[in-house]
1. Output the residues belonging to region A:242-257 that are open to solvent by 50 Å² or more (accessible area, probe 1.4 Å) and either among the aromatic types (F, W, Y) or without any contact (Cβ under 8 Å) to a residue 40 or more places away in the chain (or both).
2. Based on what the data block shows, is A:R7 closer than 18 Å to A:E81 by Cβ and surrounded by 15 or more Cβ atoms within 10 Å (Cβ to Cβ)?
3. Is there any pair with a first residue in region A:350-367 that is within 11 Å of another protein chain (Cβ to nearest Cβ) and a second that is surrounded by 22 or more Cβ atoms within 10 Å (Cβ to Cβ) and of a type in the set (G, A, S) whose Cβ atoms are under 9 Å apart and which are 6 or more apart or on different chains, and what are they?
4. Going by what's in this entry, would B:G143 be described as open to solvent by 10 Å² or more (accessible area, probe 1.4 Å), in a loop (DSSP other than H, G, I, E, B) and under 30 Å from B:V160 (Cα atoms)?
5. Restricting to region B:26-35, what's the tally of residues that are touching a Lys or Arg at 6+ places or on another chain (Cβ under 8 Å), open to solvent by less than 10 Å² (accessible area, probe 1.4 Å) and within 12 Å of B:V101 (Cα to Cα)?
6. In this structure, is B:F283 open to solvent by less than 40 Å² (accessible area, probe 1.4 Å), in a helix (DSSP H, G or I) and under 30 Å from B:A424 (Cα atoms)?
7. Specify the residue that is farthest from B:E370 (Cα to Cα); the eligible residues are those in region B:279-302 that are in contact with a helix residue (DSSP H, G or I) (Cβ under 8 Å, 6 or more places away or on another chain) and of a type in the set (S, T, Y).
8. Consider region A:108-152. How many of its residues are within 14 Å of chain B (Cβ to nearest Cβ) and part of a helix (DSSP H, G or I)?
Amino acid sequence: MKIICHREAFLSACQLTASAVPSKDVKAVLRNIKAHADEMSCSLFATDLELGLRLQVGGVEVIKPGKALLPAQKIISILRETREDQLHLDASPKGVVVKGKKVEFFLPYEDPEQFPDVPEFGEEAWHEIRAGDLRELIRRTVFSCATESARYTMTGVLFELDREDARMIATDGRRLALAQCGAKSLGEHTTGTNPPVVPAKTLGVLDRNLIDDEEVVRIRVGVNEIFFRTDCSVLYSRLIEGRYPDYRAILPKSASIKVIVSAGGLLAGVRQASIMSDDETKRLNFHLEKGQITFEAETALGGKSKVEMAIDYDGDEISTSFNPQFLIDMLKAMPGEMEIQMELSTSGKPVLFRSGSSYSYLVMPMS
Amino acid sequence: MGKKRAPALDYTSVTMYTYVHMNILHLDIDAFFASVEQRDDPSLRGRPVAVGTGVVASCSYEARCFGVRTAMRLSEARKRCPGLLILPGDYRRYEQAGRHVLAICKDVVERVEVSALDDLYLLLPVEKNDAIRLGESLREQIGEEVKLSVSLGIGINKLVASVATQEAKNRRLETFGGNLRSWMDQNRPLPPSPVVGVDPGREREYLAPWPVDILPGIGFSTLRKLEPLRLATVDDLAQIPRALLCGLLGKQGDRLIRFAQGIDDRPVESAKNQTRIGRRASFDPPVSNREFLMALTSHLVDRATSWLRWKGHHTRGLKLFMRYGDQQTGEGHASLPQWTDDESLLRKTAQDLLNRNYKRRLPLRLLGIELGPLQLAVVEPLLFPDPLASRFRELVACKDHIRARFGFTSLQNASSLLLDKTLAKDRENYRFRTPCLSR
C-alpha cells in the first residue's frame, strides 16, 4: 500500500478511529489501526472485538492499493508532532515508512491478515434518523447508565425502534431517562418485542462520530449486533445480553402536583445549593411552597446552604430530597431556556421531569 | 451517708488569654476482668482468680502472688498456682462495669477518650496538683460506686500519663514490702494505688530510666529489630541518631524517637469517628487447617458486618491480616466496587484474600479482618426493586433480631458451622485463645 495523505485530516480520522482501540490489553494486534486503500479511497478500521469503527478518510491520494497495520498510539503521535502538510505512507512486508520532506519514520511490520474481520452493514432493512436527533437521544440518556456491573444490562441503553419513532432508555436503578425522536423505517425494520441494549461506550463513540447534524444515520439491528452507518463511517457493536427491566411499569400515570421551571434556573439553584452537599451526605432537600422553591443541603461536618427560587406555583407545600448529581446530569444536557415540567405526587414517590412528549426523566427521591 | 462526688469541671471559665494548664489523666482499672468477677461473686474474693481460655486474659492480685501474669498460658499458670480458679469470662458484665466507670469520668470532664474498656484518657484543664486531687476523688468515687480499684497517672501527654499509671501500679505493689503474699495471707485489704503526676517539662527525664518496651508500638517484632542496638532504657533509645532508627524501622523510627524524648502529640479524642472496624481471633496452638481458617474468616466477616448494620455504615475496602507461628505477618487488601454492607460479597472477598495471601506453609496464630474506610450508609431507594436483594435484606434483619434476643451464637452461617465442632462457645462468641480480648 502506498498513499499520500493530508496530515491534519488523517490525524483527526486516526483519532476518531482510535476511540475503538481497546484501552486494556485484550490482544496485541488490536492496538493497531488497520488502513485499507483501494483504487478510489482509503478507510481506517479499529476494533476491541466489542465494537468496531470503520472510517473513510478524505484528502488521500492512493498510489498503490493495499492494506497495512498502523500502531495507533505511534501513528497519532507522528501525525500530531510533525509539521508538514502532506505525508507519504509506504507499507511493504518489511514495515511502514512514514515520510515527509524532512522527517522519516519506520514502523515495524505487522501482518494485516491477523486483524479481525469487519462485519458488513448488510443492505436489507434499516432505520433512518437525522444525526442531530440521534445525538440528542444519546446525550440526554447515556449519563443515566449504571457504571457498576452489579446489574449488567443497566450498563447499556435500551434502544427501541418503531415504524415512526426511536426511543432510548437508560437507568441505573435510581433514575431513568427516556428520550424519543422521529425515525423512518425502511423494509419493515423494527426492534419489536426484544429491543437491543447498546453498550454506553458504543454510543459515546457514535456521538463523537456524528459531526454534521443534517446527515442521515442508517441503523440496522441484527442478532446480537447493531450497525450505525453514516456517509463515511460504519460503527458496529455487539449488544448487551440479558433482560432489561420493564421501564413502562414504573412511569407514573398521573401526578397531583405539576410545576413548570426553566432548565437553566433549576440548574443554577441546584448547583448553588449542592456546594454544601458532599460525598457523605449526597443529598439535596427540595421544599415546594406557594410562589417559591427552596433547595437546602448540608455537609457531614455541619456546613449548610439554602437557595430560594421564585416559581409559579399555588398548591400545597411538599418536601422531598434527591441526589443533586442526578439533577445536574440531566439539566446539563438541556438547553438553558427549555421549560421543564416537574411532576410529583407524594414525597416518597419518584419525581418526573418532563420536557414536552419527547423527554422524561424519573428520579427516585432519597428516603 | 452522702456519696462523695468529684467536682465537675467547667471549660467555659478558661479564657483564651490566660495561660492554660492542660494535663492528661490516664485511668486504668486494676486487674479488670478478675476484679469484676471477684466483685460479683464474694466466694472468689481473696482467692487466686484468672480469666481466659488458653491464655490468661486477666488475673487477680492473689494469682499474681504466685507469679501468674497476663498472656501466660493457662497450663503454665496452673503449674505456678495449683489452686488457681479459672473462669471463661463474661464480656457483657465487664462492658457494663467499664461503661459505669466511663459515666463517672464524663460527669467530671467532657473530653474522655476510651482507648479500651478499662483504659481511659481524660483531658483536664487544670495544673498538676489540682489534677492529682481530682484523680484521688475520682478513684474514691469509682471505688464506692463501681467497687473497682483504679490506678491513675498524670502528665502533659498521653504517653507520660500512661507510664505514670504504670508507676502508680508498681508503687502500690511496693507498699507490701515486696511480699504481696504475706500481706494477702493476713487478710489485709489492698491499699489504693497513689496518683502519680509528672511535672511538665520533665517528660524526657521521667521516661529515661524505663525499659524501652514501655513505649507504645514496641512489640515483639520491633524489639527483635532493635536487638543489635542493645538498648536497655528509653534514654538509650533517645540517644540513637534519628537516621539510624528510621533506616531500621522506617516511619515508626521517627515516632519512637519522639516518644523517647517525651514528645507525644496524640490528642485526647472523645468520640472518634470510626473509620475502620476490625475483628480478629488468635489461637493457641497455631492452626493450619485451611477449612477451619475459611470458616473462621466467614465468622469474622459475619461479626464485622453485623456491627456495620447495627451502626448503619457501609465500607469500601477489606483488609485481611494474619500472624504466622514464627511471628511473621502477612496481609492482603481489596477495594470494593461500591459502598456496601453486603455480607456475601465481603465474605467472598475475605476468603479470596485468605487463599491468595496464606502462602507460607506455617500454621497461623492470629487471623483478622478489617473493614474500612467506613461511611454512614446512604439509602437510595430503587426504581426497580430487586426481589432477591430485598429478600436477602429481610433475612439479615431477621438474623440480627434473633441474635439480639438469643445471643450471637444462637444462629450461625453454614459457612462457619465447622467452628462448632472444634471450638467451645458461649452466648456471644466462640472461645478463642483470648475470649475477652478477641473482639
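The values are calculated or read from the model by the stated rules, or taken from the named source; none is laboratory data. Every value quoted in this text rests on a predicted model; they were computed, and no experiment measured them. Ideal geometry is used to build each Cβ from the backbone, glycine not excepted, and the neighbour counts take in all protein chains shown. For accessibility, only protein heavy atoms count, side chains too; no ligands or nucleic acids. Shrake-Rupley method; radii C 1.70, N 1.55, O 1.52, S 1.80 Å.
1. A:D246, A:R248, A:A249, A:K253 - these are the residues of region A:242-257 that are open to solvent by 50 Å² or more (accessible area, probe 1.4 Å) and either among the aromatic types (F, W, Y) or without any contact (Cβ under 8 Å) to a residue 40 or more places away in the chain (or both).
2. Yes.
3. A:L362/A:A177
4. Answer is no for this residue.
5. Number satisfying all stated conditions: 0.
6. no
7. Per the criteria, the residue is B:S298.
8. Count: 2.
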